[in-house]
Amino acid sequence: AAQGRLAYKLLHDLFDNYSSALRPVDDTDRALNVTLQITLSQIIDMDERNQVLTSYLWVRQAWLDAFLAWDKDAYGGIDSIRVPSSYVWRPDIVLYNKADEQLSGPTETNVVLRSDGRIVWDAPAITKSSCKVDVSFFPFDGQQCRLTFGSWTYDGNQVDLHNRLDAGDLTDFVENVEWEVLGMPATRNVVTYGCCSEPYPDVTYTLLLKRRASFYIFNLLLPCILISFLAPLGFYLPADSGEKVSLGVTVLLALTVFQLLVAESMPPAESVPLIGKYYIATMTMITASTALTIFIMSIHHCGPGARPVPRWARRLILHYMARIFLVYEVGESCKGARSHRAGTEEPGGTGAAAERAGARGGCACPHGMLLSNVGYIAGCFREQRAAQRRASDWKKVAKVMDRFFMWVFFVMVFLMSALIVGKAV
(Lines give C-alpha, C1' and ligand atoms only; values in the text may rest on other atoms or scores of the structure.)
Protein backbone atom coordinates (compact mmCIF):
# COMPACT_ATOMS: atom_id res chain seq x y z
CA ALA A 1 0.00 0.00 0.00
CA ALA A 2 2.83 2.38 0.84
CA GLN A 3 4.49 1.60 -2.46
CA GLY A 4 1.25 2.36 -4.32
CA ARG A 5 0.85 5.73 -2.55
CA LEU A 6 4.43 6.60 -3.45
CA ALA A 7 3.73 5.76 -7.09
CA TYR A 8 0.69 8.05 -7.12
CA LYS A 9 2.74 10.78 -5.49
CA LEU A 10 5.52 10.27 -8.06
CA LEU A 11 3.04 10.51 -10.94
CA HIS A 12 1.53 13.68 -9.50
CA ASP A 13 4.91 15.29 -8.91
CA LEU A 14 6.22 14.45 -12.37
CA PHE A 15 3.27 15.69 -14.41
CA ASP A 16 2.14 18.57 -12.20
CA ASN A 17 3.84 21.23 -14.32
CA TYR A 18 4.78 19.06 -17.30
CA SER A 19 3.73 19.81 -20.90
CA SER A 20 3.85 17.15 -23.62
CA ALA A 21 3.75 19.76 -26.37
CA LEU A 22 7.36 20.96 -26.13
CA ARG A 23 10.59 19.16 -26.84
CA PRO A 24 11.95 17.96 -23.42
CA VAL A 25 15.49 19.41 -23.43
CA ASP A 26 17.25 21.81 -21.06
CA ASP A 27 19.13 23.51 -23.89
CA THR A 28 16.91 24.23 -26.88
CA ASP A 29 19.96 24.59 -29.10
CA ARG A 30 20.93 20.97 -28.60
CA ALA A 31 19.40 18.08 -30.51
CA LEU A 32 17.45 15.37 -28.77
CA ASN A 33 18.77 11.90 -29.60
CA VAL A 34 16.10 9.33 -30.49
CA THR A 35 16.95 5.69 -31.18
CA LEU A 36 14.70 3.52 -33.34
CA GLN A 37 14.46 -0.24 -33.54
CA ILE A 38 12.06 -2.18 -35.82
CA THR A 39 10.97 -5.76 -35.21
CA LEU A 40 9.33 -7.50 -38.15
CA SER A 41 6.56 -9.72 -36.87
CA GLN A 42 4.69 -10.74 -40.02
CA ILE A 43 4.35 -10.04 -43.73
CA ILE A 44 0.61 -9.75 -44.21
CA ASP A 45 0.45 -9.19 -47.95
CA MET A 46 2.53 -8.27 -50.97
CA ASP A 47 0.38 -6.67 -53.66
CA GLU A 48 2.58 -6.88 -56.76
CA ARG A 49 0.02 -5.25 -59.04
CA ASN A 50 -0.33 -2.12 -56.85
CA GLN A 51 3.24 -2.41 -55.49
CA VAL A 52 2.21 -2.20 -51.84
CA LEU A 53 3.72 -4.19 -48.96
CA THR A 54 1.55 -4.72 -45.88
CA SER A 55 3.53 -5.72 -42.80
CA TYR A 56 3.06 -6.02 -39.05
CA LEU A 57 5.83 -4.25 -37.12
CA TRP A 58 6.85 -3.60 -33.56
CA VAL A 59 8.27 -0.09 -33.33
CA ARG A 60 10.56 0.71 -30.39
CA GLN A 61 11.58 4.32 -29.76
CA ALA A 62 13.77 5.54 -26.92
CA TRP A 63 14.81 9.04 -25.87
CA LEU A 64 15.79 11.03 -22.76
CA ASP A 65 13.25 13.40 -21.21
CA ALA A 66 15.09 15.93 -19.08
CA PHE A 67 11.92 16.92 -17.18
CA LEU A 68 10.82 13.42 -16.09
CA ALA A 69 13.76 12.30 -13.93
CA TRP A 70 13.48 11.64 -10.18
CA ASP A 71 15.45 10.37 -7.25
CA LYS A 72 14.30 6.82 -6.76
CA ASP A 73 15.44 6.77 -3.14
CA ALA A 74 12.99 9.57 -2.38
CA TYR A 75 10.12 7.43 -3.68
CA GLY A 76 10.75 4.12 -2.01
CA GLY A 77 13.20 2.83 -4.62
CA ILE A 78 10.74 3.06 -7.53
CA ASP A 79 12.98 2.87 -10.61
CA SER A 80 10.37 2.80 -13.41
CA ILE A 81 6.68 3.38 -14.00
CA ARG A 82 4.30 2.75 -16.91
CA VAL A 83 2.19 5.67 -18.02
CA PRO A 84 0.01 6.27 -21.11
CA SER A 85 2.02 7.51 -24.05
CA SER A 86 -0.23 10.54 -24.39
CA TYR A 87 1.13 11.86 -21.06
CA VAL A 88 4.64 12.44 -22.39
CA TRP A 89 6.20 14.15 -25.36
CA ARG A 90 6.68 11.77 -28.29
CA PRO A 91 8.76 12.21 -31.44
CA ASP A 92 6.64 12.38 -34.57
CA ILE A 93 8.40 9.49 -36.31
CA VAL A 94 6.42 8.43 -39.37
CA LEU A 95 6.86 6.07 -42.29
CA TYR A 96 7.91 8.24 -45.23
CA ASN A 97 6.94 5.80 -48.01
CA LYS A 98 3.53 5.12 -46.56
CA ALA A 99 0.91 3.86 -49.04
CA ASP A 100 -2.13 3.79 -46.76
CA GLU A 101 -5.14 6.00 -47.39
CA GLN A 102 -5.61 6.57 -43.67
CA LEU A 103 -3.07 8.41 -41.55
CA SER A 104 -2.37 5.68 -39.01
CA GLY A 105 0.60 5.21 -36.76
CA PRO A 106 1.72 3.16 -33.79
CA THR A 107 -0.92 2.06 -31.32
CA GLU A 108 -1.49 4.21 -28.23
CA THR A 109 0.33 1.94 -25.78
CA ASN A 110 2.01 2.77 -22.49
CA VAL A 111 5.56 4.02 -22.25
CA VAL A 112 8.16 2.87 -19.75
CA LEU A 113 9.52 5.83 -17.80
CA ARG A 114 12.74 5.31 -15.83
CA SER A 115 14.18 7.33 -12.99
CA ASP A 116 16.98 8.81 -15.11
CA GLY A 117 14.39 10.28 -17.50
CA ARG A 118 14.83 7.68 -20.20
CA ILE A 119 11.60 6.76 -22.00
CA VAL A 120 11.07 3.58 -24.02
CA TRP A 121 7.96 3.33 -26.19
CA ASP A 122 7.09 -0.06 -27.71
CA ALA A 123 4.08 0.00 -30.02
CA PRO A 124 2.76 -2.40 -32.68
CA ALA A 125 1.80 -1.02 -36.08
CA ILE A 126 0.34 -2.40 -39.32
CA THR A 127 1.98 -0.46 -42.15
CA LYS A 128 1.36 -0.28 -45.87
CA SER A 129 4.47 0.87 -47.67
CA SER A 130 5.18 1.43 -51.33
CA CYS A 131 7.62 -1.09 -52.78
CA LYS A 132 9.10 -1.08 -56.26
CA VAL A 133 8.38 -4.57 -57.57
CA ASP A 134 10.59 -6.07 -60.27
CA VAL A 135 8.89 -9.13 -61.81
CA SER A 136 11.46 -9.80 -64.53
CA PHE A 137 12.27 -13.23 -63.06
CA PHE A 138 8.81 -14.14 -61.73
CA PRO A 139 8.22 -16.67 -60.15
CA PHE A 140 11.91 -16.99 -59.24
CA ASP A 141 12.30 -13.35 -58.28
CA GLY A 142 13.48 -11.50 -55.21
CA GLN A 143 12.32 -8.10 -53.99
CA GLN A 144 13.87 -5.30 -51.94
CA CYS A 145 11.28 -3.28 -50.06
CA ARG A 146 12.40 -0.21 -48.13
CA LEU A 147 10.83 1.14 -44.95
CA THR A 148 12.03 4.69 -44.32
CA PHE A 149 11.31 6.24 -40.91
CA GLY A 150 11.94 9.82 -39.92
CA SER A 151 10.58 12.84 -38.09
CA TRP A 152 7.96 14.77 -40.01
CA THR A 153 8.44 18.24 -38.47
CA TYR A 154 11.71 18.15 -36.50
CA ASP A 155 14.94 18.57 -38.45
CA GLY A 156 18.27 17.05 -37.52
CA ASN A 157 19.19 20.04 -35.34
CA GLN A 158 16.20 19.34 -33.09
CA VAL A 159 15.72 15.55 -33.22
CA ASP A 160 18.64 13.39 -34.22
CA LEU A 161 17.40 9.93 -35.23
CA HIS A 162 19.64 6.85 -34.97
CA ASN A 163 19.13 3.15 -35.51
CA ARG A 164 19.69 1.07 -32.40
CA LEU A 165 20.94 -2.01 -34.30
CA ASP A 166 22.43 -2.53 -37.74
CA ALA A 167 19.46 -4.61 -38.87
CA GLY A 168 15.81 -5.18 -38.10
CA ASP A 169 14.94 -7.76 -35.48
CA LEU A 170 13.63 -11.01 -37.02
CA THR A 171 13.56 -13.07 -33.83
CA ASP A 172 9.76 -13.16 -33.55
CA PHE A 173 9.06 -13.25 -37.29
CA VAL A 174 6.20 -15.51 -38.37
CA GLU A 175 7.19 -17.36 -41.55
CA ASN A 176 5.29 -16.34 -44.65
CA VAL A 177 3.97 -19.02 -47.02
CA GLU A 178 4.96 -17.07 -50.14
CA TRP A 179 8.00 -15.00 -49.17
CA GLU A 180 11.25 -15.93 -47.50
CA VAL A 181 12.99 -13.13 -45.58
CA LEU A 182 16.74 -13.09 -46.23
CA GLY A 183 17.54 -10.09 -44.05
CA MET A 184 16.59 -6.58 -43.00
CA PRO A 185 19.66 -4.30 -42.89
CA ALA A 186 19.29 -0.76 -41.54
CA THR A 187 21.06 2.39 -42.71
CA ARG A 188 20.96 5.97 -41.42
CA ASN A 189 20.69 8.74 -44.00
CA VAL A 190 20.79 12.50 -43.72
CA VAL A 191 18.83 14.18 -46.51
CA THR A 192 18.38 17.84 -47.35
CA TYR A 193 15.10 18.36 -49.15
CA GLY A 194 14.30 21.10 -51.62
CA CYS A 195 11.76 22.71 -49.34
CA CYS A 196 14.12 23.25 -46.42
CA SER A 197 17.76 23.97 -45.84
CA GLU A 198 17.98 21.93 -42.63
CA PRO A 199 19.12 18.29 -42.74
CA TYR A 200 16.57 15.60 -41.98
CA PRO A 201 17.94 12.27 -40.75
CA ASP A 202 16.05 9.06 -41.42
CA VAL A 203 16.53 5.34 -40.85
CA THR A 204 15.85 3.03 -43.81
CA TYR A 205 15.24 -0.68 -43.31
CA THR A 206 15.66 -2.73 -46.51
CA LEU A 207 13.57 -5.90 -46.41
CA LEU A 208 15.20 -8.56 -48.58
CA LEU A 209 12.58 -11.00 -49.85
CA LYS A 210 12.76 -14.13 -51.99
CA ARG A 211 9.63 -15.69 -53.43
CA ARG A 212 8.82 -19.31 -52.64
CA ALA A 213 8.18 -20.63 -56.15
CA SER A 214 6.71 -24.07 -55.34
CA PHE A 215 3.12 -22.88 -55.66
CA TYR A 216 3.71 -21.31 -59.06
CA ILE A 217 5.75 -24.26 -60.32
CA PHE A 218 2.97 -26.76 -59.64
CA ASN A 219 0.06 -24.53 -60.66
CA LEU A 220 1.37 -22.43 -63.55
CA LEU A 221 4.66 -23.79 -64.84
CA LEU A 222 4.30 -27.58 -64.72
CA PRO A 223 0.89 -27.66 -66.51
CA CYS A 224 2.34 -25.43 -69.23
CA ILE A 225 5.31 -27.77 -69.69
CA LEU A 226 3.05 -30.81 -69.94
CA ILE A 227 0.74 -29.07 -72.39
CA SER A 228 3.63 -27.86 -74.53
CA PHE A 229 4.83 -31.46 -74.96
CA LEU A 230 1.52 -32.22 -76.69
CA ALA A 231 2.31 -29.82 -79.54
CA PRO A 232 5.02 -31.99 -81.21
CA LEU A 233 2.72 -35.03 -80.96
CA GLY A 234 0.42 -33.32 -83.45
CA PHE A 235 2.96 -34.24 -86.13
CA TYR A 236 2.65 -37.90 -85.14
CA LEU A 237 -1.09 -38.01 -85.71
CA PRO A 238 -2.13 -39.55 -89.06
CA ALA A 239 -3.08 -36.93 -91.62
CA ASP A 240 -6.37 -38.69 -92.32
CA SER A 241 -7.49 -38.42 -88.68
CA GLY A 242 -8.59 -34.81 -89.12
CA GLU A 243 -7.36 -33.85 -85.61
CA LYS A 244 -3.90 -32.47 -86.31
CA VAL A 245 -4.91 -28.82 -86.57
CA SER A 246 -7.50 -29.15 -83.80
CA LEU A 247 -4.84 -30.36 -81.35
CA GLY A 248 -2.59 -27.37 -82.05
CA VAL A 249 -5.42 -24.86 -81.68
CA THR A 250 -6.57 -26.49 -78.41
CA VAL A 251 -3.06 -26.34 -76.93
CA LEU A 252 -2.74 -22.71 -78.02
CA LEU A 253 -6.01 -21.78 -76.28
CA ALA A 254 -4.95 -23.57 -73.08
CA LEU A 255 -1.70 -21.60 -72.94
CA THR A 256 -3.60 -18.38 -73.56
CA VAL A 257 -5.66 -19.04 -70.41
CA PHE A 258 -2.47 -19.48 -68.34
CA GLN A 259 -1.02 -16.32 -69.86
CA LEU A 260 -4.09 -14.35 -68.76
CA LEU A 261 -3.80 -15.73 -65.20
CA VAL A 262 -0.22 -14.46 -64.96
CA ALA A 263 -1.09 -11.07 -66.49
CA GLU A 264 -3.85 -10.45 -63.92
CA SER A 265 -1.48 -10.63 -60.96
CA MET A 266 1.48 -8.76 -62.44
CA PRO A 267 1.84 -4.96 -62.59
CA PRO A 268 1.51 -3.46 -66.07
CA ALA A 269 5.24 -2.84 -66.44
CA GLU A 270 7.50 -2.89 -69.46
CA SER A 271 9.49 -5.84 -68.14
CA VAL A 272 7.93 -9.18 -69.08
CA PRO A 273 8.07 -11.87 -66.36
CA LEU A 274 10.20 -14.92 -67.00
CA ILE A 275 7.18 -17.22 -67.01
CA GLY A 276 5.46 -14.82 -69.42
CA LYS A 277 8.42 -15.08 -71.79
CA TYR A 278 8.18 -18.86 -71.55
CA TYR A 279 4.47 -18.74 -72.38
CA ILE A 280 5.07 -16.43 -75.34
CA ALA A 281 7.89 -18.62 -76.68
CA THR A 282 5.75 -21.75 -76.29
CA MET A 283 2.75 -20.12 -77.96
CA THR A 284 4.96 -18.97 -80.83
CA MET A 285 6.30 -22.50 -81.21
CA ILE A 286 2.79 -23.99 -81.20
CA THR A 287 1.63 -21.42 -83.77
CA ALA A 288 4.57 -22.37 -86.00
CA SER A 289 3.84 -26.09 -85.55
CA THR A 290 0.19 -25.56 -86.47
CA ALA A 291 1.16 -23.62 -89.60
CA LEU A 292 3.62 -26.36 -90.60
CA THR A 293 0.94 -28.97 -89.99
CA ILE A 294 -1.37 -27.19 -92.43
CA PHE A 295 1.44 -27.04 -95.01
CA ILE A 296 2.29 -30.73 -94.57
CA MET A 297 -1.36 -31.73 -94.84
CA SER A 298 -1.57 -29.91 -98.17
CA ILE A 299 1.39 -32.00 -99.36
CA HIS A 300 -0.22 -35.18 -98.05
CA HIS A 301 -3.44 -34.59 -99.92
CA CYS A 302 -1.80 -34.00 -103.30
CA GLY A 303 -4.04 -35.87 -105.74
CA PRO A 304 -3.14 -38.21 -108.59
CA GLY A 305 -2.79 -35.21 -110.87
CA ALA A 306 0.17 -33.79 -108.91
CA ARG A 307 3.61 -33.50 -110.42
CA PRO A 308 6.20 -36.14 -109.60
CA VAL A 309 8.44 -35.57 -106.59
CA PRO A 310 11.52 -33.58 -107.69
CA ARG A 311 14.76 -35.49 -107.91
CA TRP A 312 16.45 -33.54 -105.10
CA ALA A 313 13.46 -34.09 -102.79
CA ARG A 314 13.35 -37.78 -103.70
CA ARG A 315 17.03 -38.15 -102.90
CA LEU A 316 17.09 -36.01 -99.75
CA ILE A 317 13.70 -36.78 -98.20
CA LEU A 318 12.69 -40.21 -99.51
CA HIS A 319 16.16 -41.70 -99.45
CA TYR A 320 18.21 -40.18 -96.61
CA MET A 321 15.70 -38.62 -94.21
CA ALA A 322 13.29 -41.54 -94.47
CA ARG A 323 16.06 -43.90 -93.34
CA ILE A 324 17.15 -41.58 -90.52
CA PHE A 325 13.61 -41.22 -89.12
CA LEU A 326 12.64 -44.85 -89.91
CA VAL A 327 9.75 -43.99 -92.20
CA TYR A 328 8.77 -46.85 -94.52
CA GLU A 329 5.72 -47.77 -96.51
CA VAL A 330 3.53 -50.72 -95.59
CA GLY A 331 5.43 -53.91 -96.34
CA GLU A 332 8.64 -52.00 -96.94
CA SER A 333 11.79 -52.57 -94.91
CA CYS A 334 15.28 -51.19 -94.91
CA LYS A 335 16.59 -53.94 -97.18
CA GLY A 336 13.55 -54.53 -99.34
CA ALA A 337 12.63 -50.94 -100.10
CA ARG A 338 14.68 -50.74 -103.26
CA SER A 339 13.77 -54.20 -104.53
CA HIS A 340 10.07 -53.59 -103.85
CA ARG A 341 10.12 -50.39 -105.87
CA ALA A 342 12.15 -52.01 -108.63
CA GLY A 343 9.62 -54.83 -108.88
CA THR A 344 6.74 -52.40 -109.32
CA GLU A 345 8.55 -50.08 -111.69
CA GLU A 346 6.93 -51.50 -114.85
CA PRO A 347 3.36 -52.48 -114.04
CA GLY A 348 1.38 -54.05 -116.82
CA GLY A 349 4.50 -55.54 -118.40
CA THR A 350 2.66 -58.45 -119.97
CA GLY A 351 0.12 -56.15 -121.59
CA ALA A 352 2.89 -53.91 -122.91
CA ALA A 353 4.63 -56.90 -124.45
CA ALA A 354 1.39 -58.02 -125.99
CA GLU A 355 0.84 -54.53 -127.36
CA ARG A 356 4.33 -54.47 -128.90
CA ALA A 357 3.80 -57.93 -130.37
CA GLY A 358 0.48 -56.86 -131.87
CA ALA A 359 2.08 -53.75 -133.31
CA ARG A 360 4.82 -55.83 -134.96
CA GLY A 361 2.33 -58.40 -136.26
CA GLY A 362 -0.07 -55.78 -137.62
CA CYS A 363 -3.35 -57.24 -138.92
CA ALA A 364 -1.75 -60.56 -139.92
CA CYS A 365 -2.80 -62.01 -136.57
CA PRO A 366 -6.49 -62.89 -136.46
CA HIS A 367 -6.53 -61.68 -132.88
CA GLY A 368 -4.94 -58.27 -133.62
CA MET A 369 -7.98 -56.31 -132.56
CA LEU A 370 -8.10 -58.17 -129.25
CA LEU A 371 -4.42 -57.51 -128.59
CA SER A 372 -4.91 -53.81 -129.36
CA ASN A 373 -7.70 -53.58 -126.82
CA VAL A 374 -5.62 -55.42 -124.22
CA GLY A 375 -2.77 -52.97 -124.87
CA TYR A 376 -5.08 -49.99 -124.36
CA ILE A 377 -6.34 -51.42 -121.09
CA ALA A 378 -2.78 -52.09 -119.98
CA GLY A 379 -1.81 -48.50 -120.79
CA CYS A 380 -4.68 -47.22 -118.67
CA PHE A 381 -3.52 -49.39 -115.81
CA ARG A 382 0.03 -48.08 -116.19
CA GLU A 383 -1.17 -44.49 -116.03
CA GLN A 384 -3.30 -45.28 -112.99
CA ARG A 385 -0.42 -46.99 -111.20
CA ALA A 386 1.92 -44.11 -112.06
CA ALA A 387 -0.59 -41.61 -110.62
CA GLN A 388 -0.90 -43.75 -107.48
CA ARG A 389 2.88 -43.85 -107.14
CA ARG A 390 3.07 -40.05 -107.41
CA ALA A 391 0.37 -39.63 -104.74
CA SER A 392 2.09 -42.26 -102.56
CA ASP A 393 5.44 -40.50 -102.92
CA TRP A 394 3.94 -37.18 -101.84
CA LYS A 395 2.28 -38.87 -98.86
CA LYS A 396 5.62 -40.36 -97.88
CA VAL A 397 7.26 -36.92 -98.22
CA ALA A 398 4.61 -35.50 -95.88
CA LYS A 399 5.14 -38.35 -93.41
CA VAL A 400 8.91 -37.85 -93.36
CA MET A 401 8.47 -34.12 -92.81
CA ASP A 402 6.04 -34.87 -89.97
CA ARG A 403 8.62 -37.05 -88.24
CA PHE A 404 11.38 -34.49 -88.83
CA PHE A 405 9.44 -31.57 -87.36
CA MET A 406 8.16 -33.71 -84.49
CA TRP A 407 11.71 -34.32 -83.25
CA VAL A 408 12.73 -30.72 -83.93
CA PHE A 409 9.88 -29.37 -81.81
CA PHE A 410 10.47 -32.00 -79.12
CA VAL A 411 14.04 -30.74 -78.77
CA MET A 412 12.83 -27.12 -78.66
CA VAL A 413 10.26 -27.87 -75.94
CA PHE A 414 12.83 -29.79 -73.92
CA LEU A 415 15.42 -27.00 -74.13
CA MET A 416 12.91 -24.29 -73.15
CA SER A 417 11.59 -26.39 -70.27
CA ALA A 418 15.12 -27.15 -69.05
CA LEU A 419 15.97 -23.45 -69.22
CA ILE A 420 12.97 -22.36 -67.17
CA VAL A 421 13.36 -25.19 -64.63
CA GLY A 422 17.07 -24.43 -64.31
CA LYS A 423 16.15 -21.02 -62.91
CA ALA A 424 14.45 -22.74 -59.97
CA VAL A 425 17.47 -24.82 -59.02
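Points worth noting:
- Search result, residues across the stretch 112-141 that are aliphatic (A, V, I, L, M), farther than 28 Å from Val88 by Cα and open to solvent by 10 Å² or more (accessible area, probe 1.4 Å): Val133
- Yes/no for Arg82 being part of a strand (DSSP E or B) and open to solvent by 50 Å² or more (accessible area, probe 1.4 Å): yes
- Where strands (runs of 3 or more DSSP E) fall wholly inside the stretch 154-256, the ranges with 3 or more residues that are more than 30 Å from Arg23 (Cβ to Cβ) are 179-183, 200-211.
- Scanning the stretch 9-27 for residues that are surrounded by 10 or more Cβ atoms within 10 Å (Cβ to Cβ) and either part of a helix (DSSP H, G or I) or of a type in the set (Ser, Thr, Tyr) (or both) gives Lys9, Leu10, Leu11, Asp13, Leu14, Tyr18, Ser20.
- Criterion: touching a residue at least 12 places away in the same chain (Cβ under 8 Å) and under 26 Å from Gln51 (Cβ atoms) - qualifying residue of Asp134, Asp172, Asp166, Asp160: Asp134
- In the stretch 38-47, the residues that are open to solvent by 20 Å² or more (accessible area, probe 1.4 Å) and in contact (Cβ under 8 Å) with a residue 40 or more places away in the chain: Gln42, Ile44
- Residue in the stretch 258-272 that is open to solvent by less than 80 Å² (accessible area, probe 1.4 Å) and modelled with pLDDT of 85 or more present: no
- Failed criterion for Phe149 (all others in (1) in contact (Cβ under 8 Å) with a residue 60 or more places away in the chain; (2) in a loop (DSSP other than H, G, I, E, B) hold): (2)
- Enumeration of residues in the stretch 52-79 that are in contact with a Pro (Cβ under 6 Å, 6 or more places away or on another chain) and open to solvent by 50 Å² or more (accessible area, probe 1.4 Å): Trp58, Phe67
The values are calculated or read from the model by the stated rules, or taken from the named source; none is laboratory data. All of these numbers come straight from a predicted model, not from anything done at the bench. Every residue, glycine as well, gets a Cβ built from its backbone with ideal geometry; the counts of neighbours run over all protein chains shown. The accessibility values were calculated without ligands, DNA or RNA, using every heavy atom of the protein model including side chains. Shrake-Rupley method; radii C 1.70, N 1.55, O 1.52, S 1.80 Å.
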